[in-house]
Ligand code: NAD
């Protein structure tokens, strides 16, 4: 049977590249996103619907639709995430804190909750959560994002323990800085704050990695494909870093 994958936040950025990679590998692919224009522009052959990953009612409907149309789900990529505010902890706004946790963490939990209900009866499945190197090292002035991405790893490990006996594996991918519009925005903001050029900030990010380059979304997508595949059948509960080995976050 053709394997089936859902990618949340899959209409742009890393999620869209993941979706294309799964499509190229022969999967049936369903993406969801809140960006309605991007959902409408998703390449042919990929099922795309609007859904807020942090809204339980919308996620319940989405998984109901997947059950009705596909009859199950083999791979879940819980990828929804927003950057959240950049602020010193003493200036942290509680509403912005909650919003960041809501998309990054509630979104991952709801995907796992409804994904488990679909996968358990089949006795098989792979869940892949998009965390971040921020969920391993921390990032100054990004407390809600960091807290959420650490929590996603804890969620993933718990899910792996609960669902392993049902043939379901759970892992997280921790990308470093990934080329694309999102990192361009992060770099531009940092350059402005530090009075540097964007190129200098970008070079600093690359210099802090062993491989001296930023990741591409394709690097993250290739890892997701591997984690979804039978080749990874004994890998569960792991947070896999895809960042060229960041060893100096402030070079
Ligand atoms: P992006 O900004 O390019 O795309 C994010 C997508 O998420 C957009 O399509 C947006 O519409 C969608 N989205 C936002 N809120 C949503 C919600 N509530 N429900 C559903 N969709 C929603 O970002 P990206 O770089 O592709 O990031 C994807 C994931 O990778 C995120 O979880 C992010 O935290 C993580 N990540 C990114 C980087 C990086 O450098 N880009 C590094 C580490 C981790």
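Considering region 146-181 alone, what residues qualify as being assigned to a helix (DSSP H, G or I), near the ligand (Cβ under 9 Å from one of its atoms) and in contact with a helix residue (DSSP H, G or I) (Cβ under 6 Å, 6 or more places away or on another chain)?
Let us first name the residues in region 146-181 that are assigned to a helix (DSSP H, G or I), namely 146-166, 181.
So of that shortlist, the ones also near the ligand (Cβ under 9 Å from one of its atoms) come out as 148-149, 152, 181.
Correct list: 148, 149, 152.
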**Prompt:** Is there any pair with a first residue in region 1-20 that is over 19 Å from residue 172 (Cα atoms) and a second that is within 8 Å of the ligand (Cβ to nearest atom) and in a helix (DSSP H, G or I) whose Cβ atoms are under 9 Å apart and which are 6 or more apart or on different chains, and what are they?
**Reply:** 11/38; 12/38; 12/181; 12/182
**Request:** Tell me, please, whether a residue that is in contact (Cβ under 8 Å) with a residue 40 or more places away in the chain, over 17 Å from residue 75 (Cα atoms) and within 14 Å of the ligand (Cβ to nearest atom) can be found in region 105-118.
**Result:** yes
**Asked** In this structure, is residue 234 away from the ligand (no atom under 13 Å from the Cβ), surrounded by 14 or more Cβ atoms within 10 Å (Cβ to Cβ) and without any contact (Cβ under 8 Å) to a residue 12 or more places away in the chain?
**Response** no
**Asked** Among the residues of region 186-201, is any without any contact (Cβ under 8 Å) to a residue 24 or more places away in the chain, within 12 Å of the ligand (Cβ to nearest atom) and either assigned to a loop (DSSP other than H, G, I, E, B) or surrounded by 17 or more Cβ atoms within 10 Å (Cβ to Cβ) (or both)?
**Response** yes
**Prompt:** Picking from 33, 52, 65, which residue would you name as being free of Cβ contacts under 8 Å to residues at least 60 places away in the same chain, surrounded by 22 or more Cβ atoms within 10 Å (Cβ to Cβ) and over 23 Å from residue 226 (Cβ atoms)?
**Reply:** 33
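Going by the conditions given, is residue 221 closer than 17 Å to residue 77 by Cβ and surrounded by 14 or more Cβ atoms within 10 Å (Cβ to Cβ)? Before the answer, list the steps.
Values: closer than 17 Å to residue 77 by Cβ: yes; surrounded by 14 or more Cβ atoms within 10 Å (Cβ to Cβ): yes.
Answer is yes for this residue.
Residues checked against (1) away from the ligand (no atom under 14 Å from the Cβ); (2) closer than 24 Å to residue 3 by Cβ; (3) touching a helix residue (DSSP H, G or I) at 6+ places or on another chain (Cβ under 6 Å):
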site: 19; (1), (2), (3): no, yes, no
site: 54; (1), (2), (3): no, no, yes
site: 57; (1), (2), (3): no, no, no
site: 62; (1), (2), (3): no, yes, no
**Asked** Do the conditions hold for residue 46, that is, is it surrounded by 14 or more Cβ atoms within 10 Å (Cβ to Cβ), more than 10 Å from the ligand (Cβ to nearest atom) and within 24 Å of residue 173 (Cα to Cα)?
**Response** yes
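Every read-out reported here was derived from the displayed coordinates using simple, explicitly stated rules and does not represent laboratory data. Quantities reported herein were computed from a predicted structural model and do not represent experimental measurements. We place every Cβ from the backbone using ideal geometry, glycine too, and count neighbours over all the protein chains shown.
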